[in-house]
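Report on the following structure.
Rule-based calculations on the coordinates, nothing more; no lab input. Keep in mind it's a predicted model, so treat the numbers as computed, not measured. Note that we place each Cβ from the backbone using ideal geometry, even for glycine, and neighbour counts take in every protein chain shown.
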Amino acid sequence: MTTTSLDALRIFQVVAETQSFTKAAARLRLDKSHVSRTVRSLEEGLQVVLLARTTRSVRVTAEGEALLHRISPLLVGLEQALAEVPDRVEIPSGEVVITTTADLGRALLGPALVGFRQRFPAVRLRVRLATELVDLMGEGVDLALRVGKPGQQGLIARKLGELTAGFFAAPAYLARRGRPERLEDLGKHEGLWPTPPKGQRSFAPGPIGGVSAVDCPDFQLLAEIARAGGGVALLPTFLAARDVAAGALVRLLPDFALGGAPLYLVSRPVATSSGAGGGAAHVPARGVWRSAGRVACVA
């Protein structure tokens with residue numbers, strides 16, 4: 001049965017129930033003449049009179065009653081089935097702007113974004129690597145992967161876990177300078193670690209480690225110097241894991257670990273999509289959260 005005939009049966013059903021073309025048209029929000037023509041076409045197609053019409057009334061004929069008895073439960077079941085069909089799920093699309101440090105971007109965010117792109121291929125990702133704290137609200141950035149504090153009030157922050165750090169050096173450096181056995185021994189070595197910005201939690205050995213020979217907030221650079229035999233580097237364990245496995249770096253003082261650096265995924269309040277041509281993209285931020293969270297836990 002075609003869609004048009006189903007519509008015709010529904011119109012006939014309402015006319016029969018209301019016994020009025022005018023009332024049926026009002027209920028169906030259709031033009032009265034359209035309702036009348038549809039019923040007339042149905043009768044011609046079935047070659048039977050379904051409604052007896054006078055200038056003052058509409059009466060259902062015996063043939064019409066028989067048809068109404070058979071179609072009413074079917075039409076009710078069809079309406080219920082259609083009502084249970086879920087709303088169309090929009091395919092996430094648009095652009096997501098993400099910011100983090102170079103260290104986190106290369107080691108954690110990069111692998112997470114591979115899985116995200118596989119799930120949401122219509123979403124374009126723009127990654128902004130920065131040492132400074134980016135103003136998400138003021139600069140139109142959607143997400144930030146941050147260590148320490150989530151940032152300003154009004155942002156949505158999800159804690160992904162705690163990062164730890166340790167001391168690492170290249171075998172060639174240790175052969176030349178010896179291996180530190182205690183924290184106090186670090187003062188005799190070339191220290192490679194950052195001084196955390198004021199008010200921001202990060203990894204630092206404190207006064208017991210002495211003054212660093214190279215002070216840099218980029219742990220990737222510190223790791224590069226350490227691999228070249230330039231000193232003892234304080235590195236996040238997730239960042240040094242690959243070099244340790246390859247034998248390029250050695251973990252020092254394994255019983256000592258700097259912890260307490262929380263990892264957050266931060267987002268600004270999600271704006272509703274305004275469609276093509278402007279406004280925020282319809283983007284599943286939870287997908288990024290889950291992807292980044294899995295990688296952080298593995299690391």
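Note on region 3-83: Cα convex hull, mean projected area over all directions, 5.2 nm². The H on the amide N of Val60, modeled in the peptide plane, is under 5 Å from the matching H of Ala52, each at least 5 residues off or on a different chain. Computed from the C-beta positions of Asp215 and Ile91 and an R0 of 35 Å, the FRET efficiency is 0.15 to the nearest 0.05.
If you take the beta carbon distance between Leu155 and Leu183 as r and set R0 to 22 Å, what does 1/(1 + (r/R0)^6) give as a FRET efficiency, to the nearest 0.05? So, using R0 = 22 Å, E works out to roughly 0.05.
Run down the aspartates and glutamates and flag those whose C-alpha is under 15 Å from the C-alpha of Lys23, throwing out any fewer than 8 positions away in its chain. Within the straight-line cut-off, Lys23 pairs with Asp31.
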